[in-house]
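The values are calculated or read from the model by the stated rules, or taken from the named source; none is laboratory data. Model, not experiment: these values are computed from the prediction. In this analysis, Cβ positions are derived from the backbone assuming ideal geometry, glycine residues included, and neighbour counts consider all displayed protein chains. Surface areas here come from the heavy atoms of the whole protein model, side chains and all, with no ligands, DNA or RNA. Shrake-Rupley method; radii C 1.70, N 1.55, O 1.52, S 1.80 Å.
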Amino acid sequence: MDTDDEFMSTVSSEGDMLPDDSDNDISGDDDFGFDDEPDPDLDMQHDIGQTKRAPYDVKFTVYQPQDIQQQQDVLVNEVNMILNISKEEAAILLRHFRWNKERLLEDYMDRPEKVLEAAGLSQMTCDPPKLEVIRGFCCDICCEEEEGLQSFALKCGHRFCVDCYRHYLGQKIREEGEAARIQCPAEGCNIIIDARSLDLLVTAELTERYHKLLNRTYVEDKETLKWCPAPDCQNAIECGVKKKDLSRIVPTVSCLCSHRFCFGCILNDHQPAPCELVKKWLKKCADDSETANWISANTKECPKCNSTIEKNGGCNHMTCRKCKHEFCWMCMGLWSEHGTSWYNCNRFEEKSGTDARDAQAKSRVSLERYLHYYNRYANHEQSARLDKDLYAKTEKKMVQLQKESGMSWIEVQYLSSASMALQTCRQTLMWTYAFAFYLARNNLTTIFEDNQKDLEMAVESLSEMFEKPVTELADSRLKVDIMDKTSYCNKRRVILLDDTARNLAEGKWIFNVEFSNPTPMPGPSSRK
Amino acid sequence: MSSSKRITKELTDCTTTPPPNITITLPSDSNISLWHITLAAPPESIYHPGKFGLIVSFPLEYPFKPPQITFATRIYHPNITNESSGSICLSLLKTDNWKPSTKIVTVLDAIRQLLVEPQPDDPLETRIAEQYKNDRKEFEKEAKAYVNKYAKGPVKFSTTTTDGGSTSTSSTTAPPGEA
Ligand SMILES: [Zn+2]
Ligand SMILES: [Zn+2]
Ligand SMILES: [Zn+2]
Ligand SMILES: [Zn+2]
Ligand SMILES: [Zn+2]
Ligand SMILES: [Zn+2]
């Protein structure tokens, strides 16, 4: 939404207003900048779409836990030396400034007291934190006042007994997952507990968790860093794509753990559909789940003899075991019509206006349209899963075959590549249907559907080869076919992604729903 | 670490110097963790002269966890749910903001203040909040109608009469034409 505002202000500054409004000028120049802080990644941003990188590729770096720790240490040491404050305090300040060192230094030079107070550090001392026994002390939390009660206070002087302090910290760290912003337990006091004081108060186990959480804030505080969402993966990814760029690029990144996800919304890779449409689509699917449920079922009836047919591989070319009828799992149409020139399975034919005049008919058409896209979306998702299962089974058999036929491990890797290609291509195909659902009908859409069709046909034929029994798979002719088809699939996918990403970057797609920034930055004249 | 010492101390403090407009009773002498509070709306509040029952329940982890407080008397207010057991939206009581050294007196003060000055920008009842902002006159009329209906006479703390008044009030709670 801020994109819109900024966009408007840019336009008006160049259009109807005199150009002496310096505020607007700045926002006009820096259309990739972050709103309220200097942008260290500007260079990276300008790279997008300019270098030899494919238009659907973004630049990113994967960091492992030790890298993340080291980056923080470097920053803490720098601030510690420049400002001559303790490392603990440097860390608190940096966290307060969300690890923006430049802004911290600048603000600190201007008004050190104000910065320290805002960060919860008030006046600094170099005394190490210590536990004390104070005569006549009564803990304000538990109301305990026995002799020899050990107590602790941060620099603010709000003193509580050690037991209460420990309990408080334990709850914050263990239950609430808080670390960087744990305040003094006193009401209305915003002093932040530092790492040294914490180490003094809690058990080693809690300290470890605390430092882990602190590390997390480093990643969570920076817009350019995100955790890899794969379970058990500890890596973080750095990418310069900002929230407001998401209407022009789909930033798929891939972690060292091989998980591929969208840096914008953390969901699994959803190229070519932009995040905003993905969100809309998933919401629609969730809202309409009941209407659409029957589609994703694993069994359907043969359209000819009505006997139940189960799908157990990814391939959508079905043959009824009973009547030998061949049909397409997605549209239930004759498979013979899915030959090259007649293939029309991916395109939804809009019925001409006359029969959709009344509201009821219109709503039926819109449901049919949705089901068309949902059906294919869900099918590719399901097929990818089935392909994967099939590969697992095949792999086992291949090992056996290897032994029997004397093929080496390297020689059967083509199957693994084929399986990988099927997975990624189906993932892409799946999202092409969500994307197409929101596309307005025009020339670009037709080109898109042609690319989609080509990729889909390639994938289906690779998938079909993949379902062959192991004995046939080992045949060298089929092996060559599979290898060719695999690279053809990958090529078709690149062509499709290339085309969609380029048009997205240039704002050429016309959607049938509201979409932020649907047009490229227009000249001021086009706005009048 | 037991919370009873702390609760006992707070109870003693509250009975020796009672906070303004507030009476505290214990429904059961054996359970110090459950308080019944009668809060008289202060004169500057539109809820005056209504009297409201509040149920305060101290959790086992008190004071590390905030007390739970509900309105036993129905009230028409942007920050209190419009039901027979009204929950309150008070930032002081949210886990993130709660401090173990915060006393119940402070919380009760905040609730009394909420009766004087609702916070429509942080609402639990969005419709009432909108009305409060855009049609104060109508809001006050409804609020006063609630006071007359529920907050006069002896304060009741039982929440058993869930359905009792709902049939007659359903017309007032349903979103009207909206100005
Ligand atoms: Zn303090
Ligand atoms: Zn204590
Ligand atoms: Zn990972
Ligand atoms: Zn995304
Ligand atoms: Zn059949
Ligand atoms: Zn079909």
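Would you call A:CYS302 under 29 Å from the mean Cα position of the chain (by Cα), modelled with pLDDT of 75 or more and of a type in the set (A, V, I, L, M, F, W, C)?
no
When you go through A:GLY136, A:GLY157, A:GLY188, A:GLY177 one by one, which is the residue that is closer than 17 Å to B:LYS103 by Cβ, more than 9 Å from ligand 2 (Cβ to nearest atom) and surrounded by fewer than 16 Cβ atoms within 10 Å (Cβ to Cβ)?
Criteria check complete, one pass: A:GLY188.
Does B:LEU39 qualify as being at pLDDT 90 or above and either away from chain A (no Cβ under 13 Å) or in contact with a Gly (Cβ under 8 Å, 6 or more places away or on another chain) (or both)?
Considered against the rule, which asks whether it is at pLDDT 90 or above and either away from chain A (no Cβ under 13 Å) or in contact with a Gly (Cβ under 8 Å, 6 or more places away or on another chain) (or both), B:LEU39 comes out as yes.
From the residues in the range A:160-174 that are open to solvent by 20 Å² or more (accessible area, probe 1.4 Å) and under 17 Å from B:ASN97 (Cα atoms), which one is nearest to the other protein chains (Cβ to nearest Cβ)?
A:HIS167
Working only within the range A:192-210, note down all residues that are open to solvent by less than 20 Å² (accessible area, probe 1.4 Å), in contact with a strand residue (DSSP E or B) (Cβ under 8 Å, 6 or more places away or on another chain) and either within 12 Å of chain B (Cβ to nearest Cβ) or in a helix (DSSP H, G or I) (or both).
Correct list: A:SER197, A:LEU201.
Quick grid of which residues meet (1) over 18 Å from A:HIS270 (Cβ atoms); (2) at pLDDT 90 or above:
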| site | (1), (2) |
| --- | --- |
| A:ARG477 | yes, no |
| A:ASN490 | yes, yes |
| A:LEU497 | no, yes |
| A:SER526 | yes, no |
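Test B:THR95 against the stated conditions and say whether it is open to solvent by 30 Å² or more (accessible area, probe 1.4 Å), among the β-branched types (Val, Ile, Thr) and within 14 Å of chain A (Cβ to nearest Cβ).
yes
Given A:CYS164, A:CYS189, A:CYS143, which one is farther than 14 Å from A:PRO129 by Cα, outside any loop (DSSP other than H, G, I, E, B), more than 16 Å from ligand 4 (Cβ to nearest atom) and in the same structural domain as A:LEU116 (by TED's automatic domain parsing)?
A:CYS164
Find all pairs meeting these conditions: Cβ atoms under 8 angstrom apart; at least six residues apart or on different chains; first residue within the range B:70-95 and without any contact (Cβ under 8 Å) to a residue 12 or more places away in the chain; second residue open to solvent by 20 Å² or more (accessible area, probe 1.4 Å) and acidic (Asp, Glu).
none
Please go through the range A:55-105 and give me each residue that is out of contact with any helix residue (DSSP H, G or I) (no Cβ under 8 Å at 6 or more places or on another chain), part of a loop (DSSP other than H, G, I, E, B) and surrounded by fewer than 18 Cβ atoms within 10 Å (Cβ to Cβ), ordered by number.
Once the filter is applied, which keeps residues that are out of contact with any helix residue (DSSP H, G or I) (no Cβ under 8 Å at 6 or more places or on another chain), part of a loop (DSSP other than H, G, I, E, B) and surrounded by fewer than 18 Cβ atoms within 10 Å (Cβ to Cβ), the range A:55-105 yields A:GLN64, A:ASN84.
With respect to B:LEU11, determine if the residue is within 14 Å of chain A (Cβ to nearest Cβ), more than 22 Å from B:ASP96 (Cα to Cα) and modelled with pLDDT of 90 or more.
yes
Could you grab me the full set of residues in the range B:107-129 that are within 14 Å of chain A (Cβ to nearest Cβ) and open to solvent by 50 Å² or more (accessible area, probe 1.4 Å)?
Listed by number, the list holds a single entry, B:ASP109.
So which of A:GLU220, A:GLU238 ends up being within 26 Å of the chain's Cα centre (by Cα) and crowded, with 19+ Cβ neighbours inside 10 Å?
Answer to the selection: A:GLU238.
Restricting to the range A:466-478, count the residues that are within 36 Å of the chain's Cα centre (by Cα) and either free of Cβ contacts under 8 Å to residues at least 12 places away in the same chain or buried (at least 19 other Cβ atoms within 10 Å of the Cβ) (or both).
The qualifying residues number 2.
Considering each of B:ILE80, B:ILE46, B:ILE104 in turn, give the residue that is under 22 Å from B:THR25 (Cβ atoms) and either within 14 Å of chain A (Cβ to nearest Cβ) or open to solvent by 10 Å² or more (accessible area, probe 1.4 Å) (or both).
Only one candidate qualifies: B:ILE104.
Report every pair of residues separated by at least 6 positions or lying on different chains whose Cβ atoms are under 8 Å apart, first residue within the range B:108-131 and part of a loop (DSSP other than H, G, I, E, B), second of a type in the set (Val, Ile, Thr).
Close Cβ pairs (under 8 Å, with a partner that is of a type in the set (Val, Ile, Thr)) amount to B:LEU124/B:ILE80; B:LEU124/B:THR81; B:LEU124/B:ILE88; B:GLU125/B:ILE80; B:GLU125/B:THR81.
What are the residues in the range B:14-34 that are touching a Pro at 6+ places or on another chain (Cβ under 8 Å) and either within 15 Å of B:VAL155 (Cβ to Cβ) or within 14 Å of chain A (Cβ to nearest Cβ) (or both), if any?
B:ASN21, B:ILE24
Look at the range A:139-154 and say how many of its residues are within 10 Å of another protein chain (Cβ to nearest Cβ), under 49 Å from the mean Cα position of the chain (by Cα) and open to solvent by 20 Å² or more (accessible area, probe 1.4 Å).
1
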